[in-house]
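Undergrad: Sharing a structure, written as structure tokens. Questions coming.
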Amino acid sequence: MILFLALCFFGVAIGGVTAFVIFWPLSLVHLRDRHPQVRARFADGAFLQPAALRWLLAGGYYEVPDRQFTGLATPARISLIVILGALTACAVLWLWSIAP
């Protein structure tokens, strides 16, 4: 049963990855087109750049006064939180299943 729950959390993480792959690139393109001064903080290839992901996870995007951008970045942040939480839960359940 524990491994089944771990597999369910892994499926939730896959759903989070799907949402992240949709919303984060759209957010980065919006930054590139309308807020180049903010986009300049990140080097090319900001999609998986640790600094950009930390900025997203910490909610640094709220400093940009653009409701369209925050409307794209908020689902990307939620999906990143879902990915990290689901993979953590999956790992904990897997470790629990192999514990003596």
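Every read-out reported here was derived from the displayed coordinates using simple, explicitly stated rules and does not represent laboratory data. Model, not experiment: these values are computed from the prediction. With ideal geometry, Cβ positions are generated from the backbone for all residues, glycine too; neighbour counts draw on all protein chains shown.
Undergrad: Pop the C-beta distance of LEU7 and PHE47 into the FRET formula with R0 = 30 Å and round what comes out to the nearest 0.05.
TA: Working: r = 27 Å, r/R0 = 0.91.
Here the calculated transfer efficiency is 0.65.
Undergrad: Could I ask something else about it? Taking the mean number of other Cβ atoms within 10 Å as a proxy for protection, how do you rank 42-55, 22-35 from highest to lowest? All intermediate terms of the calculation are to be shown ahead of the outcome.
TA: Numbers: 42-55: 13.0, 22-35: 16.9.
Result, highest mean first: 22-35, 42-55.
Undergrad: For the stretch 29-35, in order, what is each residue's ³J(HN,Hα) by Karplus, 6.51 cos²θ - 1.76 cosθ + 1.60 with θ = phi - 60°, in whole Hz (x at glycine and Pro)?
TA: Calculated HN-Hα couplings, in order: 5, 4, 4, 4, 7, 10, 9 Hz.
Undergrad: Using 0.36 nm per residue, how much length does the chain from GLN68 to ALA99 gain when fully extended, once their Cα-Cα distance is taken away? Could the numbers behind the result be given before it?
TA: Numbers: separation 31, 0.36 × 31 = 11.16 nm, distance 4.74 nm.
Answer, rounded to one decimal: 6.4 nm.
Undergrad: Here's something else I'd like to know. Stokes-Einstein diffusion coefficient for the stretch 5-46 at 10 °C in a medium of 1.306 mPa s, Rh from the Kirkwood formula over Cα pairs: what value in µm²/s?
TA: 134
Undergrad: Continuing with this model, one more query. Give, as a single signed number, the net charge of other residues whose beta carbon lies under 15 Å from the beta carbon of ILE83, with Lys and Arg counted +1 and Asp and Glu -1.
TA: Summing Lys and Arg as +1 and Asp and Glu as -1 gives +2.
Undergrad: Quick one: Karplus J couplings for the stretch 54-63, per residue in order, coefficients 6.51, -1.76, 1.60, θ = phi - 60°, nearest Hz, x for Gly and Pro?
TA: 5, 4, 5, 5, 7, x, x, 6, 5, 6
Undergrad: While we're on this one: Karplus couplings for the stretch 67-82 from phi (6.51 cos²θ - 1.76 cosθ + 1.60, θ = phi - 60°), rounded to Hz, Gly and Pro as x?
TA: 5, 5, 5, 5, x, 8, 6, 4, x, 5, 5, 4, 5, 5, 5, 5
Undergrad: Would you mind ranking THR88, THR70 so that the residue whose beta carbon has the fewest other beta carbons within 10 Å leads the list? Working shown, then result.
TA: Values: THR88 12, THR70 17.
So the ranking, lowest neighbour count to highest, is THR88, THR70.
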